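Engineer: Here you go, one structure.
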Amino acid sequence: MINFNSQLITDWPSEMLSVQRGLYYGDALFESIRVFEGQIPLMSRHWERLSKGLVAMDYAIPAHWSADFFAKEILRAACGNARVRLTIWRSPGGLYNPQDDTPQFLITAKELASSMFDGYSEGLSIGFSEAIRLSVDSLSGLKTLNGARYVAAAKEACAKGWDDAIILNCREQVCEATSSNIFWMADHQVCTIPLSDGPVTGVLRDLLLRLLPAAGYPVLEKSVYPEELMEADEVFFTNAVRGIRRVVQCEGKVFRHTHSEHFNYLLATHIDGILSNKR
């Protein structure tokens, strides 16, 4: 017998039974994907990250799954400009040790008005989370449904009047924001957090690690503590749905945004070039 919001039912509805492991154990992965004008320019990068996550979590990946397969499935649900969430979970059965490693997927889409990344114009006011620390282990870089710490950090940011929060890892090093990777400029050097410090392996982070050096801006991956980040000239966040978002101030420290504005232009030009080639 099941009590669901005070309604007694004899068994799980089939749709809910399917997602049971994701609900019970967070045994699931997801991708947040941007659709531009009916195209998905970063789909290959999303699939690269997702497939690595499926291997790391020992899923039995269907032979027909690929970037092209999911692009077609996504465009069945989304057209024009949209924000898409692709969630993949293990089939039901078992407790912590699953009985069936076969994955299932769900695609949801929300229409967006903008045909380009629109996060840059929103200058962010941020701070450092005091309540949350992130672990550093073999699953740190994966986008799983275990998002409680990010929810708590986002609520802390809201309570303090910030737009977002920087979260530290268990070694008290800067790790990531609630849904973004972190870049900064110091002494004309572009820097970002190394994956060994625990941030999610961001799709846009990966793109900028290739795009910026090609434009003459090599990127240094280095560990950083909060007091060091506060000495940076510029700070910006990256996210595959919102693009580059500049940080205006962090706990009273005001940052410039000269280089990040140029990087945003480089990103927009790159995405537009991909779209133009496919039109």
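Engineer: Label region 2-111 by shape, choosing from rounded, prolate and oblate, from the square roots a ≥ b ≥ c of the eigenvalues of the Cα gyration tensor; if a/c is under 1.5 it is rounded, and otherwise prolate applies when a/b is larger than b/c, oblate when it is not.
Structural biologist: Because a/c hits 1.5 or more and a/b fails to exceed b/c, region 2-111 counts as oblate.
Engineer: Another one. For region 2-111, with the dipole built from +1 on Lys and Arg beta-carbon atoms and -1 on Asp and Glu ones, taken about the Cα centre, which of Ala60, Leu17, Gln39 lies farthest toward the positive end?
Structural biologist: Going by the charge dipole, the pick is Gln39.
Engineer: In addition: Could you compute the net charge surrounding Met185? Neighbours are other residues with a C-beta less than 15 Å from the C-beta of Met185; K and R count +1, D and E count -1.
Structural biologist: Result for the neighbourhood of Met185: -2.
Engineer: For region 17-62, run through the trypsin sites (Lys or Arg not before Pro) and keep only the ones in DSSP coil with at most 11 other Cβ atoms within 10 Å of their Cβ.
Structural biologist: Passing both the DSSP loop test and the Cβ count: no residue.
Engineer: Applying the Karplus parametrisation 6.51 cos²θ - 1.76 cosθ + 1.60 with θ = phi - 60° to the phi angles of region 89-99, what ³J(HN,Hα) value in whole Hz is obtained for each residue in order, glycine and proline being reported as x?
Structural biologist: Along region 89-99, the couplings run 9, 7, 4, x, x, x, 9, 5, 8, x, 8 Hz.
Engineer: On full extension of the chain, what length is gained from Cys79 through His64, given 0.36 nm per residue of separation minus the C-alpha to C-alpha distance?
Structural biologist: The Cys79-His64 span can extend by a further 3.1 nm.
Engineer: I would also like to ask the following. If each DSSP helix of 4+ residues adds -39,500 (n - 2.57) and the sum is divided by the residues in the chain, what number results at 222 nm, nearest 500 deg cm²/dmol?
Structural biologist: Numbers: 8 runs with 85 residues, N = 279.
It lands at -9000 deg cm²/dmol.
Engineer: Which whole-angstrom value gives the distance between the alpha carbon centres of region 186-262 and region 83-119?
Structural biologist: That distance is 27 Å.
Engineer: Set the Förster distance to 25 Å, then compute FRET efficiency between Lys222 and Arg256 from the Cβ-Cβ distance, nearest 0.05.
Structural biologist: Once rounded, the FRET efficiency stands at 0.80.
Engineer: Please identify the longest segment of the chain free of exposed GluC sites (Glu not before Pro), where exposed means a DSSP state other than H, G, I, E or B and no more than 16 other Cβ atoms within 10 Å.
Structural biologist: On the way: sites that count: Glu37, Glu122, Glu172, Glu231, Glu251.
Free of exposed loop sites, the longest segment is 38-121.
Engineer: A follow-up question, please. As a test, work out the antiparallel percent of DSSP beta bridges whose residues both lie in the chain, rounded to the nearest 5. Can you show the working numbers first?
Structural biologist: On the way: 41 of 52 bridges.
Antiparallel bridges: around 80 percent, rounded to the nearest 5.
Engineer: Follow-up. Could you check the spin-label model distance between Lys155 and Lys110? Points 7 Å from the Cα along Cα→Cβ, value in nm.
Structural biologist: Roughly 1.9 nm, to one decimal.
Engineer: Here's something else I'd like to know. According to a simple spin-label model (label point 7 Å from Cα along Cα-to-Cβ), what is the distance in nm between Ser125 and Ile2?
Structural biologist: It works out to 4.4 nm between the two label points.
Engineer: In nm, give the distance between the simple-model label positions of Thr269 and Met230, each being 7 Å from the Cα along the Cα-to-Cβ direction.
Structural biologist: For Thr269 paired with Met230, the spin-label model returns 3.7 nm.
Values in this text are rule-based calculations from the coordinates and carry no lab data. None of the values given here were measured: they were computed from a predicted structure. A quick note on method: Cβ atoms are made from the backbone with ideal geometry, for glycine too, and the neighbour counts reach across all protein chains shown.
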